[in-house]
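Nothing in this text is a laboratory measurement; each read-out follows from the coordinates by a stated rule. All values reported here derive from a predicted model rather than from experimental measurement. Here the Cβ positions follow ideal geometry from the backbone for every residue, glycine too, while neighbour counts run over all protein chains shown.
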Amino acid sequence: QPAERSTAFTPFQLILLSLMVVQNCAVVLLGRYSQAGVAAEDKFSVKTLVALTEAMKLFACVILIGIDNIRELHPSRTGGYLPDLPFNRLVMLMPSAVGVEISKILANPKNSLAVSPPAALYLFQNNILYLALENLSAPVFQVCYQSKLVTTALVSVLLLNRRYVKIQWVSLVLLGIGVSVVVIGEQDSSEGDGGQTDQNLTVGLIAVGLASLSSAFAGVYFEKVVKGKPTSLWVRNVELAFFSLVFSFVYGIFSEMFVTKSAEDLEFDAPAKSFLHGFTAATYALIFLQAGGGLLVAAIVKYIDNVVKGLATGVAVVVSTTFSCLFLGTEVKYQFALGGIMILISVWAFSNHEKVAKILGDR
Ligand code: C5P
């Protein structure tokens, strides 16, 4: 259970939240613009990128559970996160510390299996996000992705019997209206250009809607599993990344089996593309950012709470939209500005409903 939130954040919580804002902006801008203008045959495979991200998360979480184990034996006297040991000693202790934890996981495979449904959902979400990014501008994508707050609230009511107060429901409706205003504004302007761009708004919106839904189901299911058993969060994340990797391989193999080769490929007997085809420095940066983002989500839910995570992504919308306008020539239409403001107000009001009630004198 995350600690009860006081009004002021600790420096550690603020660092986590600031990192989350930077990560969110960087992923969206890099994911959107690093592939813009690249010919279809030169693009990297999203499946490979997502699988490598999961592998990196797995590696990072294994190190984190090793550190947690060593900390129990050598706790820091200064209260720091790392044990009071020289770096080379830490490295030497790591294999046995990790081994102990891995054997605990392997001793109870049924326990681990519980995270396989959210692993499949997160994998789907992480793959479909790139389809959304390809078809929507960075600001529109981020604004529409705020609908995660609505889907997560609805799924929490359904699966966790969570209750919300009237102000929170009103905020969610306002958020939905805000997203609709942005979407209608985009539809008008894409009709205005006679559909000249290679982006497909409908595909982008369906993809972002599906990603919001699967984020909600995965997040709520994962919360249920984490709260149900006393296993550490990093152990749960090792299991999550492990199942995501397994599903990635299965998905990769199946999609290769059923892919239909173009007539040109068949005629010229084109050589198979390499595993890392189309990967550039930007792609490796995306893997690093996505893996770090996954760990940040886990840490924020553990050390702060889910709602504050929503606020950080709201701040990221403002930062990356400003960046897109100033440096990437994205034009912000008045519907976007209006819808964006409605969304940000509703995200804030949802998590600060008590303050809103006080302001409205409705306590
Ligand atoms: O919940 P949300 O949609 O914000 O999650 C964003 C990403 O965080 C997902 O892509 C998922 O892969 C990752 N994640 C994770 N570990 C968790 C929770 C989420 O890696 N415990």
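Let me know the charge dipole size of segment 1-126 about its Cα centre in debye, to the nearest 20, where only the beta-carbon of Lys, Arg (+1) and Asp, Glu (-1) is charged. It would help to have the intermediate numbers written out before the result.
Working: 10 positive and 8 negative charges, 15 e Å.
For segment 1-126, the charge dipole is close to 80 debye.
Quick check: from the Cα gyration tensor, does segment 28-71 come out rounded (a/c under 1.5), prolate or oblate?
On the way: a/c = 6.92, a/b = 2.98, b/c = 2.32.
It comes out prolate by the Cα gyration axes.
All other residues with a Cβ under 10 Å from the Cβ of Ala119 taken together, and with Lys, Arg as +1 and Asp, Glu as -1, what is their net charge? Computed value for this residue: -2.
Neighbour counts of other Cβ atoms within 10 Å put Tyr221, Tyr303, Tyr334 in the fewest-to-most order Tyr334, Tyr303, Tyr221. Evaluating 6.51 cos²θ - 1.76 cosθ + 1.60 at θ = phi - 60° for every residue in segment 26-43, the Karplus couplings come out as 5, 5, 5, 5, 5, x, 7, 9, 6, 9, 5, x, 7, 4, 3, 6, 9, 6 Hz, glycine and proline recorded as x. Would you work out if segment 278-351 is rounded, prolate or oblate? Take a ≥ b ≥ c from the square roots of the eigenvalues of the alpha-carbon gyration tensor; rounded if a/c is under 1.5, else prolate when a/b is larger than b/c, oblate otherwise. Since a/c reaches 1.5 but b/c is at least a/b, the shape of segment 278-351 is classed as oblate.
Let me spell out the model: positive unit charges on the Cβ of Lys and Arg, negative unit charges on the Cβ of Asp and Glu, origin at the Cα centre of the chain. What dipole size does that give, in debye rounded to 20?
Working: 26 positive and 25 negative charges, 368 e Å.
With Lys and Arg at +1 and Asp and Glu at -1, about 1760 debye.
Between His74 and Ser255, the distance separating the two model label sites (each 7 Å from Cα on the Cα→Cβ line) works out to 4.3 nm.
Calculated mean residue ellipticity at 222 nm for the chain: -26000 deg cm²/dmol, from DSSP H runs with n ≥ 4 weighted as -39500 (n - 2.57), summed, divided by the residue count and rounded to 500.
Sites listed here are chymotrypsin sites (Phe, Trp or Tyr not before Pro) in segment 34-105 whose DSSP assignment is loop and whose Cβ has at most 14 other Cβ atoms within 10 Å: Tyr81. Given axes a ≥ b ≥ c from the Cα gyration tensor, I'd like to know whether the chain is rounded (a/c under 1.5), prolate (a/b larger than b/c) or oblate. Judged from the Cα gyration tensor, the chain comes out oblate (a/c at least 1.5, b/c at or above a/b). Summary of the geometry: segment 111-151 and segment 158-191, compared by the centres of their Cα atoms, lie 17 Å apart.
Along segment 313-328 the Karplus relation, 6.51 cos²θ - 1.76 cosθ + 1.60 evaluated at θ = phi - 60°, assigns HN-Hα couplings of 5, x, 4, 4, 4, 5, 4, 6, 5, 4, 4, 4, 5, 6, 10, 10 Hz to successive residues, with x for each Gly and Pro. Note on segment 197-258: Cα Rg divided by 2.2 N^0.38 Å, N the number of residues, gives 1.52.
Taking the charge dipole of segment 147-227 about its Cα centre, with +1 at Lys and Arg Cβ atoms and -1 at Asp and Glu Cβ atoms, the residue from Leu175, Gln187, Thr202 reaching farthest to the positive side is Leu175.
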